[in-house]
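Peer 1: Below is a structure I'd like to ask you about.
The values are calculated or read from the model by the stated rules, or taken from the named source; none is laboratory data. Keep in mind it's a predicted model, so treat the numbers as computed, not measured. Backbone-built Cβ (ideal geometry, glycine too); neighbour counts: all protein chains shown.
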Amino acid sequence: MRIVRWKAVGPLAVFGGLFALGWWLLADQATERAVEYVGAEIVGARVDVASADLRLGEGAVRLSGLAVTNPNEPMRNLFEAEAVVAKVQTLPLLEKKIIVDTVAIRGVRFGTPRRESGALARRSPTSGRLVREISAWAGSVRIPSLSVSGLTSVVDVSVIRPESLATIRLAQSLVSRGDSLEAGWRAELAALDPRPRLDSARQLVARLREADPARLGLAGVRALAESGRTELAALDALSRRVDGLDDQFKADLGDLRRAVQGLADARAADYRRALGMLKLPSLDSPDLSPALFGDMVLARIQPILYWLRLAEQYLPPGLDPRRRVGPNRARASGLTVTFPREAALPAFLLAYAAIELELDGAATSGPSAAAGRYAATLTGLTTEPALYGRPLTLTAQRLGGTAGPRDVRLAAVLNHVAQPIRDSIHLTLSGLNFAPALVPALGARVGLEDVVMQLGLTRVGDDLGARVMWRTDRATWTREGSEPDPGAAVGSRAWAEGILWRTVSGLRSVEIEARLSGTIRAPGLAIRSNVGQVVAQALRRELGAQVAQAEQRVRAEVDRMVSRGAEDARQRVASLEDRIGSQMAVRRQEVADARAALEAEVRNLTRRLPVRIP
Amino acid sequence: MLLLKLLQQLVRALNSEGTPGQVAAGFALGASLGLTPLANLHNLVIFAVITLANVSFPGAMLGWAACVPLGFALDPVFDAIGRRLLLETPALTPLWIAVYNTPVLSLANLNNSVVLGSVLVWVVAAFPLFLVVRLGVARYRVHVYERLARTRIFKAVAASKLYNIYRLFQPE
C-alpha cells in the first residue's frame, strides 16, 4: 500500500488554484472588512471603507472613502479621508505583524454629517466599557443648578420630607438606644441587689452594739470582731462591683451625650440637603461657573478622556502578554493573547505619516469652523511602544486658508515606552468661531467668535492635570424666548430672569477655564469663568436678600421638623442619667453607710477590751 | 439535507474499499476540521494531508461532520484549556513568545485560547480516536456490512454520480 495518493495531486492543485483565485478576487474585500472591523473595535463606532486595493507585491494598500464615525455623535463622522495610501513591509506579514513605513492621506474632512447612524449595535468590550466608565464619571460630576424658580416669592418647602432628614433618624435611634440602655441597666441593678448583704451588715452592727465584752470573754469578742472584718471585706467587694457598674454606666452615658451633640452636625447636613432639594443657587462665583457652563465643558472634556484612555488601552507600556477578545466567528471567540518579544517587531507599527490636508469647507453647510490647509506629522504609532522604544509624536499646524481659524498648533507626545505612562498634549487654536450654544441657566444662547482655545495636558501614570481655556472679546448673547418684562414685580420669576439677562447681555469678554486634576479614571473638574463672577456679583447685589430669606424659610422648616425629635432624644438621655444615675448613687451610699457603721462598731468593741486583739 | 450528507458519508466511509485503518486515520484527521475553528492554518495543512495521504477521504469527511457539533459544544472547555496554557502556565510563556514571533507559525492563531485548546484536545484525542474507529469499522464490516449491502438505500447511494468523484480519493 502506497502512503501518498498521487492521483489526488491534480485535484489538490486545482483546489490550491481556486484558493489563490479566491484570495486574488476577495483580498481587497477582506482588507476592507478587516479595516472596518479593527477600526470599529478601536474607535467604538462604525468605520466604513468604500473600497480597498491591496497589492502585496508592491507592499501597498490603498483605502478609498474612509469614514470614521464620531463615537459621541453617531450621525457625524470624526473624519473622512478620500484616500489613504500606506506602504507596508511584506515579510512581517508572515508574522502577522503590520509594519507601515509611510502613510499618505488625502482629502481629509472633519465633522462631516453621515447619511446613516454610525453607532454600533454592540460595542466592543473595550470601547463599550470606556464609554460607560466615562459617562458614569460625567454623571457623577456635580453640576450645581442656577434656577431662578427658587427665588420667587413662593418657596415650596413641602418637598422636604421628614423621612429624608438625617437628624430625625438619628434622634429616633437615640431614643430607642436610651430605652434599651435603661432596660439593660435596670436589669444590671436588679442583678446586683445589695439588700441581703446590707441586711446582714446591719444585723451584725446591732449585735456588735449590744455586745458586752465582759460577758463574751476574749474568745467571744475575737470571734465577733472576726465576723465584723469578714463582713467588711464582703462590703468592700460589693462596693467595687457598684463602682464598676457606675463607671460602665458613665461610659455609656458619655457615648449617648456625644451622639446628642452630633445632632447639631446632622441638622447642618439636613439644611444643606434641603437647600439642594429646593435648587436654591449659591451666590459664590466658584459655584456659579459650573452652573452656567458645566454641561458645555463636560461635553468637550469627555472625548479628551476617551481618547487618552483608548491610547492607554491600545498602546500599553511594557512587554507583558496582552489579552483581547478573539475574532468574531460562528465558534466562540475565545481570548487572543499576544506575546511581544524584545528586539522583535511589534504587531503594528506606523513609523512615519505625513498628512497634508485641506479643509475647504465647500460642503453643504458652507465653510466649516476648521477650514484651511494643515500639515500633520505622526511618528511611532505602535501597539508595542516598548519594542519600538520611542514615544508617539504628533504635530500639526495650519498652513493657511481663507476661512477657519487663524492659527492651529498641536504638539503631542505619548510616551508609553515604559511605566509610568507620560503623555503631554499642547494645543492652541485661535480665531475659532463657535455656533451659538444654549446656556439653560441664563435662558440665552451665547455665540463665541474669534475664540482662542488653549489645551495643556500632562499625564504621569494615573495622575492627570489638564487645563482648557476658551477666551474671546467678541461674545454675543441671544435671548431664548421672549425678552423679560422690565416692569415685572419684584420677587417674580420674570424679575429674576430680567436681572440675569441684563447682566450677561452686555458682556463681550468671555473667558471659560476648565481644570482637570486627580486620577485619569475619576478626575476632579473645576470650572471658572468671568461670566460666573459677574453673574454672582449681580445676583448677590439684587437677589441676595431673596435667597437669604428663602434659605431662612428652609432652615425654619427643617428646625420645625427635627426640633421635637432632637428634644425627645435629649430628654431621654437626661432622664436616663437621672433615673439610673440616682439609683446608682443610692446604692453606693447605702453600701458606704453600712460599711462605715460596721467599721465603727468593730473598732468600738475592740477598744473596750483590756488587751489588744491581733 | 445535512443529515442526508452525513448518512451518505457514513455509508461510503464504512463500506469503502479502504482498510479499517485508512478509514480510522481519515476520521481522526477529519476530526481536526470539526473540533477546531475551521479557518485556521493548521486545518489547511490537515486538509492537504487528507487529500495526499492514502487515507479514507469519506472517513475524513465523516470525522469532520461528526465533530462539528462536538466542537461547538466543547468551545467553553477549549477556551478554559487555552487560557490555562496561555496565561496561567508561566513555564510555557517562552514557548508562546517563540510561536507568536515565528514567521508563518504565528499565522496559526495558536495564541487564541479556543484554537489552542481545541488543537491540543484533538492532538491528544487523535490516536485513541484512530484506534476506536478502526476497531469499530472492522467489527462493522464483519457483522453488519453484508446485510446492509443488500438494502435499496445502499445501492442508491453507491450508484450516484458523486460516488464516482469520491472514488478519486478512494484508498489505494
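Peer 1: Which condition does B:L110 not pass, out of (1) under 27 Å from A:Q89 (Cβ atoms); (2) at the interface with chain A (Cβ under 7 Å from one of its Cβ atoms), if it passes all the others?
Peer 2: (2)
Peer 1: More than 14 Å from the chain's Cα centre (by Cα) and in a loop (DSSP other than H, G, I, E, B) - does that describe any residue in the range B:52-61?
Peer 2: Yes.
Peer 1: How many residues are at pLDDT below 85, over 24 Å from A:L298 (Cα atoms) and assigned to a loop (DSSP other than H, G, I, E, B) if we restrict to the range A:92-123?
Peer 2: 3
Peer 1: Now, a different point. Where the second residue is in a helix (DSSP H, G or I) and the first is over 14 Å from A:R273 (Cβ atoms) and lies in the range A:555-566, which pairs have Cβ atoms under 6 Å and are six or more apart or on separate chains?
Peer 2: Taking only residues 6 or more apart or on different chains, the pairs are A:G565/A:I168; A:G565/A:A171; A:A566/A:A171; A:A566/A:L263.
Peer 1: In addition: Pull up the range A:439-451, narrow it to residues that are aliphatic (A, V, I, L, M) and in contact (Cβ under 8 Å) with a residue 24 or more places away in the chain, then point me to the one that is farthest from A:W495 (Cα to Cα).
Peer 2: The residue in question is A:L448.
Peer 1: Let me ask another. Would you mind telling me which numbered condition in (1) at positive phi; (2) assigned to a loop (DSSP other than H, G, I, E, B) A:G431 fails?
Peer 2: (2)
Peer 1: Sticking with this structure for a sec: What tally of residues in the range A:83-113 results from selecting those that are under 41 Å from the mean Cα position of the chain (by Cα) and either aromatic (F, W, Y) or closer than 15 Å to A:A52 by Cα (or both)?
Peer 2: Of the residues in the range A:83-113, 4 are under 41 Å from the mean Cα position of the chain (by Cα) and either aromatic (F, W, Y) or closer than 15 Å to A:A52 by Cα (or both).
Peer 1: Here is a follow-up. Within the range A:479-493, identify whether any single residue is in contact with a strand residue (DSSP E or B) (Cβ under 7 Å, 6 or more places away or on another chain) and assigned to a strand (DSSP E or B), and answer yes or no.
Peer 2: Within the range A:479-493, one or more residues are in contact with a strand residue (DSSP E or B) (Cβ under 7 Å, 6 or more places away or on another chain) and assigned to a strand (DSSP E or B).
Peer 1: Also: Looking at B:A125 and the list (1) within 12 Å of chain A (Cβ to nearest Cβ); (2) touching a residue at least 60 places away in the same chain (Cβ under 8 Å), which single condition is not satisfied?
Peer 2: So B:A125 meets the others, but not (1).
Peer 1: Filter the range A:473-516 down to residues that are at pLDDT below 85 and acidic (D, E) and give me whichever is surrounded by the most Cβ atoms within 10 Å (Cβ to Cβ).
Peer 2: Only one residue tops the list, namely A:E497.
Peer 1: For the structure I just gave you, tell me whether A:G57 is surrounded by fewer than 18 Cβ atoms within 10 Å (Cβ to Cβ) and at pLDDT below 90.
Peer 2: yes
Peer 1: For the condition within 60 Å of the chain's Cα centre (by Cα) and of a type outside the set (A, V, I, L, M, F, W, C), what is the one hit in A:R195, A:R257, A:R207?
Peer 2: A:R257
Peer 1: Test each condition in (1) within 14 Å of another protein chain (Cβ to nearest Cβ); (2) modelled with pLDDT of 85 or more for A:R323 and report the one that comes out false.
Peer 2: Every condition holds for A:R323 apart from (2).
Peer 1: Say we look at the range A:300-342 and pick out the residues that are without any contact (Cβ under 8 Å) to a residue 40 or more places away in the chain and among the aliphatic types (A, V, I, L, M); which of these is surrounded by the most Cβ atoms within 10 Å (Cβ to Cβ)?
Peer 2: A:V337
Peer 1: Is there a residue in the range B:14-25 that is assigned to a helix (DSSP H, G or I), crowded, with 16+ Cβ neighbours inside 10 Å, of a type in the set (G, A, S) and without any contact (Cβ under 8 Å) to a residue 40 or more places away in the chain?
Peer 2: The answer is no; no qualifying residue exists.
Residue by residue, here is whether (1) within 24 Å of A:L516 (Cβ to Cβ); (2) touching a strand residue (DSSP E or B) at 6+ places or on another chain (Cβ under 6 Å); (3) surrounded by 18 or more Cβ atoms within 10 Å (Cβ to Cβ) holds:
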site: A:T377; (1), (2), (3): no, yes, no
site: A:L394; (1), (2), (3): yes, yes, yes
site: A:Q397; (1), (2), (3): no, yes, no
site: A:G400; (1), (2), (3): no, yes, no
site: A:P405; (1), (2), (3): yes, yes, yes
site: A:A411; (1), (2), (3): yes, yes, no
site: A:L414; (1), (2), (3): yes, yes, yes
site: A:Q419; (1), (2), (3): yes, no, no
site: A:T428; (1), (2), (3): yes, yes, no
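Peer 1: Shifting gears a bit: Which residue, of A:E41, A:E32, is at pLDDT below 90 and either in contact with a helix residue (DSSP H, G or I) (Cβ under 9 Å, 6 or more places away or on another chain) or part of a helix (DSSP H, G or I) (or both)?
Peer 2: After applying the criteria, what remains is A:E41.
Peer 1: Taking the range A:566-592 on its own, how many of its residues are buried (at least 20 other Cβ atoms within 10 Å of the Cβ) and either of a type in the set (A, V, I, L, M) or over 23 Å from A:R195 (Cα atoms) (or both)?
Peer 2: The total comes to 8.
Peer 1: Looking at A:P405, A:P436, which one is free of Cβ contacts under 8 Å to residues at least 60 places away in the same chain, assigned to a loop (DSSP other than H, G, I, E, B) and at negative phi?
Peer 2: Matching residue, one of A:P405, A:P436: A:P405.
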